[in-house]
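Reading through the structure tokens given below for one structure.
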Amino acid sequence: MSDKFPIFPKECKSMLCKHLTQEVYQGLKDKKTVSGFTLANAIQSGIDNVDSGIGVYAGDTESYEIFAGLFDPIIEDYHGFKTTDSHQSNLNPDDLKAPNPDPENEYIVSTRIRVGRNVANLPLGPAITREQRKQIEADVSGSLSALTGSLAGKYFPIEGMSAEISKQLIEDHFLFKAGDRFLQSAGLNRDWPEGRGIYHNDEKTFLVWINEEDQLRIISMQMGGDIAEVFTRLVTAIGEIEKKVPFSYSKHLGYITSCPTNLGTAMRASVHIALPKLSADMQAFQAITDKHHLQIRGIHGEHSESEGGVYDISNMRRLGVTEVQCVQDMYDGVVELIACEKSL
Ligand code: ADP
Ligand code: ARG
């Protein structure tokens, strides 16, 4: 780990290299949080991976205060959220206006909405100890295993899972990949695969990742474009889990997550959608996604490519907007994308 002001290559476009000025660096380089997390820890991923979009991770809630000189401008840059703004949550499905935009199943392959959550009063993944991580796995998987009805399912630890099963779960878009280099440099893959795993119901419409980038990733997904149904299931699941697991939440930053892009709602609502004609003109495609604050990803997760004209379209803003607004952003954009694809 370097204890000098990092020099980034000219082509580096990360928010880290944009906002880590000499002045910010000098002011923060000797500070440490309660969990012993330093500026060097926070910026390691962006230093190792100069193609990062962001490049920083927090080790605990306190990182966002102690290293605010760096995190605040990045948070404002990504979410358009100022230090004087406040966050508000709204998880009421009745407030969402989202009738299925593709009832004939011509464009939308599948819908997925996830939130990140971390356990209150513990460090985040980048600073957690091995024992704390194992304790979270035991507590959370125990609580999940007590769920009933359509949320009832089983916990599958990664440790001991056959290569064949994990490969299939990843290909089917249910499980996270191993060895992500951004997470690796952030300290999030320490002691891999111990303490990590996936819980899911039989239909695999409700899933929880344990101890990946965040301690919990609560996921609702299904084939087709019934976005409201996916949101409603997610809200029910969050409510059930919250009865047993206390989540880390701040009035200003909402749900606390290890990556500043996920703060606030920690919600990413996406569809896998076939847009073969529109995507032939990336500029026109992006004009629509920009207008609705959406991000375009490939279909094997972040940093992957599209296949056969199918893209992952999701909300980009997560902080300073409610959960309902996150889904509404995605929905409104998808309606316009489908109309445009139809017209071509
Ligand atoms: P995140 O968990 O932050 O949303 P990724 O972009 O890495 O991160 O996606 C995780 C997994 O979820 C990947 O396998 C991806 O293909 C899958 N996924 C995302 N959106 C959808 C969707 N709408 N339908 C099916 N799978 C999806
Ligand atoms: N650290 C990576 C980057 O800066 C990912 C950032 C957003 N994605 C995430 N999974 N947190 O490009």
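The values are calculated or read from the model by the stated rules, or taken from the named source; none is laboratory data. Source: prediction; values computed, not measured. Counting neighbours? That spans all protein chains shown, and the Cβs are built from the backbone with ideal geometry, glycine included.
Data table
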| read-out | value |
| --- | --- |
| Filter result (within 16 Å of ligand 1 (Cβ to nearest atom) and touching a Pro at 6+ places or on another chain (Cβ under 7 Å)) within region 19-57 | I54, Y57 |
| Any hit, region 241-257, residues being closer than 22 Å to L294 by Cβ and within 16 Å of ligand 1 (Cβ to nearest atom) | yes |
| Residues that are out of contact with any helix residue (DSSP H, G or I) (no Cβ under 8 Å at 6 or more places or on another chain) and under 22 Å from H79 (Cβ atoms), drawn from region 12-54 | C12, K13, T21, D51 |
| Single residue of region 241-277 satisfying the filter (charged (D, E, K, R) and surrounded by fewer than 19 Cβ atoms within 10 Å (Cβ to Cβ)) that is nearest to M15 (Cα to Cα) | K251 |
| Of all residues making up region 125-150, the number that are farther than 17 Å from E240 by Cβ, in contact with a Leu (Cβ under 9 Å, 6 or more places away or on another chain) and among the hydrophobic types (A, V, I, L, M, F, W, C) | 2 |
| Residue pairs meeting the criteria (Cβ under 6 Å; at least 6 apart or on separate chains; first closer than 16 Å to A280 by Cβ, in region 333-344; second assigned to a helix (DSSP H, G or I)) | L337/I288; C340/L278; E341/L278 |
| Every residue from region 212-255 that is out of contact with any Ser or Thr (no Cβ under 8 Å at 6 or more places or on another chain), small (G, A, S) and within 17 Å of A152 (Cβ to Cβ) | G239 |
| Residue check for S270: more than 10 Å from ligand 1 (Cβ to nearest atom), of a type outside the set (F, W, Y) and closer than 30 Å to E341 by Cα | no |
| Which numbered condition G301 fails, given (1) closer than 22 Å to S14 by Cα; (2) away from ligand 2 (no atom under 16 Å from the Cβ); (3) in contact (Cβ under 8 Å) with a residue 40 or more places away in the chain; (4) surrounded by fewer than 18 Cβ atoms within 10 Å (Cβ to Cβ) | (2) |
| Count - residues of region 214-230 that are buried (at least 24 other Cβ atoms within 10 Å of the Cβ) and touching a Pro at 6+ places or on another chain (Cβ under 9 Å) | 2 |
| Residue that is surrounded by the most Cβ atoms within 10 Å (Cβ to Cβ) [pool: residues in region 157-213 that are more than 20 Å from A42 (Cα to Cα) and hydroxyl-bearing (S, T, Y)] | Y199 |
| So E137, is it free of Cβ contacts under 8 Å to residues at least 60 places away in the same chain and more than 16 Å from ligand 1 (Cβ to nearest atom) | no |
| Residues satisfying the stated conditions in region 110-154, i.e. surrounded by fewer than 18 Cβ atoms within 10 Å (Cβ to Cβ) and closer than 22 Å to D172 by Cα | S150, A152, K154 |
| Helices (runs of 4 or more DSSP H) wholly inside region 1-98 that include at least 3 residues being polar (S, T, N, Q) and surrounded by 14 or more Cβ atoms within 10 Å (Cβ to Cβ) | 39-48 |
| Pairs, first without any contact (Cβ under 8 Å) to a residue 40 or more places away in the chain in region 250-270, second part of a loop (DSSP other than H, G, I, E, B) and more than 13 Å from ligand 2 (Cβ to nearest atom), C-beta under 8 Å, six or more apart | none |
| Every residue from region 186-237 that is of a type in the set (S, T, N, Q) and in contact with a Gly (Cβ under 8 Å, 6 or more places away or on another chain) | N189, N201, N211, Q215 |
| Residues of region 169-189 satisfying the condition of being on the phi < 0 side of the Ramachandran plot, away from ligand 1 (no atom under 12 Å from the Cβ) and modelled with pLDDT under 95 | A178 |
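Residue by residue, here is whether (1) of a type in the set (F, W, Y); (2) more than 21 Å from R318 (Cα to Cα); (3) at pLDDT 95 or above holds:
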{"residue": "N49", "(1), (2), (3)": "no, yes, yes"}
{"residue": "Y57", "(1), (2), (3)": "yes, no, yes"}
{"residue": "T61", "(1), (2), (3)": "no, no, yes"}
{"residue": "L70", "(1), (2), (3)": "no, no, yes"}
{"residue": "D77", "(1), (2), (3)": "no, no, yes"}
{"residue": "S86", "(1), (2), (3)": "no, no, no"}
{"residue": "I108", "(1), (2), (3)": "no, yes, yes"}
{"residue": "R112", "(1), (2), (3)": "no, no, yes"}
{"residue": "R117", "(1), (2), (3)": "no, no, yes"}
